[in-house]
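The values are calculated or read from the model by the stated rules, or taken from the named source; none is laboratory data. Computed from a prediction, not measured in an experiment: that's the story for all the values here. Neighbour counts are summed over all protein chains in view; Cβ atoms, including those assigned to glycine, are modelled from backbone coordinates with ideal geometry.
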Amino acid sequence: MGIGRIRGFLWRPAETFDASKEETLSDAYVYYFTLLVLFSVLLAAVIGIVLANPVAQRILGMAPDLELLKIIIAMSASGIILGGTVGVLIAGIWMHIWAYAFGGMNGLTQTIKVLMYAATPLLVLGWIPVIGTTIGAIWSLLLLLTGLTQLQGMYSGRAILALVAALLVPVVIIGIIAAVFGPAMLTHIYEVR
């Protein structure tokens, strides 16, 4: 994996994506999984530090319990690893539908590789509360666009359209579901009370 590779995706993404065209999905997965594990350990440590803080315990209404804290930290780390592993595959399939619709012709493997490599800033910075998460997420979205242009051979405008569609379609679907079922659920909740 190497620090140089991380630096490449952060500071020279077009060149680094270009160099990764011939890599296998396994190569990309090893890179991604290594960063995912590091991220999960760092984020679990941050969660542990926050939950061990007496002020946070008062706010959350929990008593200091070392065993419970250990369980929460372990579950956080393992949940992040499992969620990240499965999530990148599901997101890769979803993103590929839109990449293909807007002209990406280089196969699902390339799209999944794009997502794995584009996650670099989020996995490197995302464990830092608020600032790191925000900067990492935005940077990762920008890398996703670079990756789609490089590995899927898409024009920038089409890559942007694919990304916007991939992000907006679920929001619209959730909005429609909320509009249709929300009022009935609220009515039911108030009737129960």
Counting only residues that are within 12 Å of residue 110 (Cα to Cα) and of a type in the set (Gly, Ala, Ser), the stretch 1-29 contains a total of 3
Screening 22, 67 for residues that are over 15 Å from the mean Cα position of the chain (by Cα), more than 24 Å from residue 170 (Cβ to Cβ) and modelled with pLDDT of 85 or more leaves only 22
Practice problem: Tell me, please, whether a residue that is small (Gly, Ala, Ser), modelled with pLDDT under 95 and more than 15 Å from the chain's Cα centre (by Cα) can be found in the stretch 132-148. | Solution: no
Taking the stretch 94-131 and keeping only residues that are over 19 Å from residue 34 (Cα atoms) and of a type in the set (Gly, Ala, Ser), one is left with 99, 101, 103, 104, 107
Note on the stretch 12-63: residues crowded, with 16+ Cβ neighbours inside 10 Å and either of a type in the set (S, T, N, Q) or without any contact (Cβ under 8 Å) to a residue 12 or more places away in the chain (or both) are 16, 20, 40, 57
Restricting the stretch 100-158 to residues that are small (Gly, Ala, Ser) and buried (at least 19 other Cβ atoms within 10 Å of the Cβ), the one nearest to residue 14 (Cα to Cα) turns out to be 147
